[in-house]
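Here the structure comes first, spelled out in structure tokens, and everything after it is commentary.
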Amino acid sequence: MTKIDAINERILQALSRNARQSNMELAERIGLSPSACLRRVQELERIGVIRGYRAVLDGEAVGRGFVAYMTVGLNDHTKRSQEAFERSIAQAPQVVECHNITGTVEYLLRIEVRDLAAYKYFHTDVLGTLPQVSAITTYVVMGSPKDTRA
């Protein structure tokens, strides 16, 4: 495994801010030759430190302006129940993040939909029909003063 040294850390930070910059720009910013910079980026990709590149979309512009986080508790704490829940959630396009968490509930979901009516449909007709679900709590996002997800 490649060591995440200070130079690799600077590469990762620079790519996190702007993954579309050219290798020449990145190399100049980091203080490496273009060939050395490219080798390091390719190695970070090869070993899975860099798992991919994404476009950050404007939710309003793409019809997903209603954002909420939901906590979901399961009525059965078995591996089989968790796997069944996760398979169902993987099929739900409204769920853009699903995290298995510790605490009083098992999952934290990030939901992005068009509006409140679309959220209600997801809550009632999708999540509400899953037999594993015992508790749902919703937190509606009113603003995001900091969001560094790419």
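Every read-out reported here was derived from the displayed coordinates using simple, explicitly stated rules and does not represent laboratory data. Only a predicted model underlies this, so the values are computations on that prediction, with no experimental measurement involved. We place every Cβ from the backbone using ideal geometry, glycine too, and count neighbours over all the protein chains shown.
Of the residues Glu60, Glu86, Glu97, Glu112, the single one that is in contact with a strand residue (DSSP E or B) (Cβ under 9 Å, 6 or more places away or on another chain), closer than 30 Å to Gln21 by Cα and free of Cβ contacts under 8 Å to residues at least 24 places away in the same chain is Glu97.
If you go through the stretch 22-62 and keep only what is surrounded by 12 or more Cβ atoms within 10 Å (Cβ to Cβ), over 22 Å from the mean Cα position of the chain (by Cα) and assigned to a loop (DSSP other than H, G, I, E, B), you end up with just Leu32. Only a single criterion out of (1) in contact with a helix residue (DSSP H, G or I) (Cβ under 6 Å, 6 or more places away or on another chain); (2) over 30 Å from Ile30 (Cα atoms) is not satisfied by Met142, namely (1).
Scanning the stretch 10-26 for residues that are without any contact (Cβ under 8 Å) to a residue 40 or more places away in the chain and within 10 Å of Ile50 (Cβ to Cβ) returns Ile11, Leu12, Leu15.
Within the stretch 1-21, the set of residues being polar (S, T, N, Q), in a loop (DSSP other than H, G, I, E, B) and either over 19 Å from the mean Cα position of the chain (by Cα) or surrounded by 15 or more Cβ atoms within 10 Å (Cβ to Cβ) (or both) comprises Thr2, Gln21. Within the stretch 63-88, the set of residues being among the charged types (D, E, K, R) and under 18 Å from the mean Cα position of the chain (by Cα) comprises Arg64, Glu86, Arg87.
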